[in-house]
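The values are calculated or read from the model by the stated rules, or taken from the named source; none is laboratory data. It should be emphasised that the depicted structure is a prediction, and the values quoted were computed from it without experimental measurement. Ideal geometry is used to build each Cβ from the backbone, glycine not excepted, and the neighbour counts take in all protein chains shown.
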Amino acid sequence: MSTETSSAAEQHRHLALEWIDAFNARDDDRERAARTTGYVAHAPDSLQLPALDDAAWREFLGVFLEGFPDLHLEVQEAAADEGMTAQRILFTGTHTGPFLGLPATGRKVRFYAIEINRMADGKVAEHWFQMDALMLFGQLGLKVVPGPRLLPRVLATQVKGLVGRGRRATP
């Protein structure tokens, strides 16, 4: 890797960290300045959201901040090259406001996310993230129930396990 490539990668890694710092400081101007004009975020498919432009991204973050006003992001690991950054981020906060229809529980949460950013002109141009929603929802006391396609397989596995145990218990 050339020195030029190495310095571009380090600059991108630093810029992505600055963006997280701006979010933690709730510095909207600095956080917005870290993104390009045509910024687009891609939520996990499980959230069933379209690509988020700048305004939709701020609205998405607003939902989290309403539920977790003390939400804090800590970059655990980061890597970068001349065009992309990747980060493993620890999210911590306290559920003191409404979140996705769930009233405040007062529970502290701790979950991880993986974020990938495409950098352009020294800013974040495109952002992908995958968060551990099962961990988050579980800490809020919510249980994930299998959908109609998965439920029969889950039940069949449970029944096979019970039948197998019943056979072993018979002399």
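Out of the residues in the range 136-149 that are surrounded by 14 or more Cβ atoms within 10 Å (Cβ to Cβ) and at pLDDT 90 or above, which is nearest to Thr92 (Cα to Cα)?
Initial filter on the range 136-149 (surrounded by 14 or more Cβ atoms within 10 Å (Cβ to Cβ)): 136-140, 142.
Filter once more, so that each one left must be at pLDDT 90 or above: 136-140.
Numbers: Leu136: 10, Phe137: 13, Gly138: 14, Gln139: 11, Leu140: 13 Å.
Applying the filter and picking the extreme gives Leu136.
Taking the range 63-87 only, how many residues are in contact with a His (Cβ under 7 Å, 6 or more places away or on another chain) and modelled with pLDDT of 95 or more? Before the answer, list the steps.
Taking the range 63-87 first, the residues in contact with a His (Cβ under 7 Å, 6 or more places away or on another chain) are 67-68, 80, 85.
Filter once more, so that each one left must be modelled with pLDDT of 95 or more: 67-68, 85.
Number satisfying all stated conditions: 3.
Surrounded by 15 or more Cβ atoms within 10 Å (Cβ to Cβ), under 18 Å from the mean Cα position of the chain (by Cα) and farther than 17 Å from Glu126 by Cα: is that true of Gly62 in this structure? Let's see the steps before the verdict.
Numbers: surrounded by 15 or more Cβ atoms within 10 Å (Cβ to Cβ): no; under 18 Å from the mean Cα position of the chain (by Cα): yes; farther than 17 Å from Glu126 by Cα: yes.
Considered against the rule, which asks whether it is surrounded by 15 or more Cβ atoms within 10 Å (Cβ to Cβ), under 18 Å from the mean Cα position of the chain (by Cα) and farther than 17 Å from Glu126 by Cα, Gly62 comes out as no.
Please verify whether the range 94-108 includes one or more residues that are farther than 25 Å from Ala9 by Cβ and in contact with a Lys or Arg (Cβ under 9 Å, 6 or more places away or on another chain). Please lay out each step first, then the result.
Going through the range 94-108, the residues farther than 25 Å from Ala9 by Cβ turn out to be 94-108.
Checking the rest, the ones that are also in contact with a Lys or Arg (Cβ under 9 Å, 6 or more places away or on another chain) come to 94-95.
Yes, there is a match, as at least one residue in the range 94-108 is farther than 25 Å from Ala9 by Cβ and in contact with a Lys or Arg (Cβ under 9 Å, 6 or more places away or on another chain).
Is one or more of the residues making up the range 97-111 among the hydroxyl-bearing types (Ser, Thr, Tyr) and in contact with a strand residue (DSSP E or B) (Cβ under 8 Å, 6 or more places away or on another chain)?
Checked against the condition, which is being among the hydroxyl-bearing types (Ser, Thr, Tyr) and in contact with a strand residue (DSSP E or B) (Cβ under 8 Å, 6 or more places away or on another chain), the range 97-111 yields no hits at all.
Would you mind telling me which numbered condition in (1) farther than 18 Å from Leu134 by Cα; (2) touching a residue at least 12 places away in the same chain (Cβ under 8 Å) Gly62 fails?
(2)
For the subset of the range 5-32 comprising residues that are of a type in the set (Gly, Ala, Ser) and part of a helix (DSSP H, G or I), which member is surrounded by the most Cβ atoms within 10 Å (Cβ to Cβ)?
First, pick out the residues of the range 5-32 that are of a type in the set (Gly, Ala, Ser): 6-9, 16, 22, 25.
Narrowing further to those that are part of a helix (DSSP H, G or I): 6-9, 16, 22.
Numbers: Ser6: 13, Ser7: 11, Ala8: 18, Ala9: 19, Ala16: 25, Ala22: 18.
Checked the range 5-32; the qualifying residue surrounded by the most Cβ atoms within 10 Å (Cβ to Cβ) is Ala16.
Could you check the range 69-98 and list, in sequence order, the residues that are over 14 Å from the mean Cα position of the chain (by Cα) and closer than 26 Å to Ala16 by Cβ? I'd like the intermediate steps shown before the answer.
First pass over the range 69-98, keeping only residues over 14 Å from the mean Cα position of the chain (by Cα): 69-70, 77-85, 94-98.
Those that are over 14 Å from the mean Cα position of the chain (by Cα) and closer than 26 Å to Ala16 by Cβ: Pro69, Asp70, Glu77, Ala78, Ala79, Ala80, Asp81, Glu82, Gly83, Met84, Thr85, Thr94.
Output the number of the condition that Ala125 fails; it satisfies all remaining conditions of (1) in a loop (DSSP other than H, G, I, E, B); (2) touching a Gly at 6+ places or on another chain (Cβ under 8 Å).
(1)
Looking at the range 11-62, which of its residues are of a type in the set (S, T, N, Q) and at pLDDT 90 or above? Working first, answer last.
Our first condition is that a residue be of a type in the set (S, T, N, Q); within the range 11-62, this holds for 11, 24, 36-37, 46, 48.
Of everything in the range 11-62, those that are of a type in the set (S, T, N, Q) and at pLDDT 90 or above turn out to be Gln11, Asn24, Thr36, Thr37.
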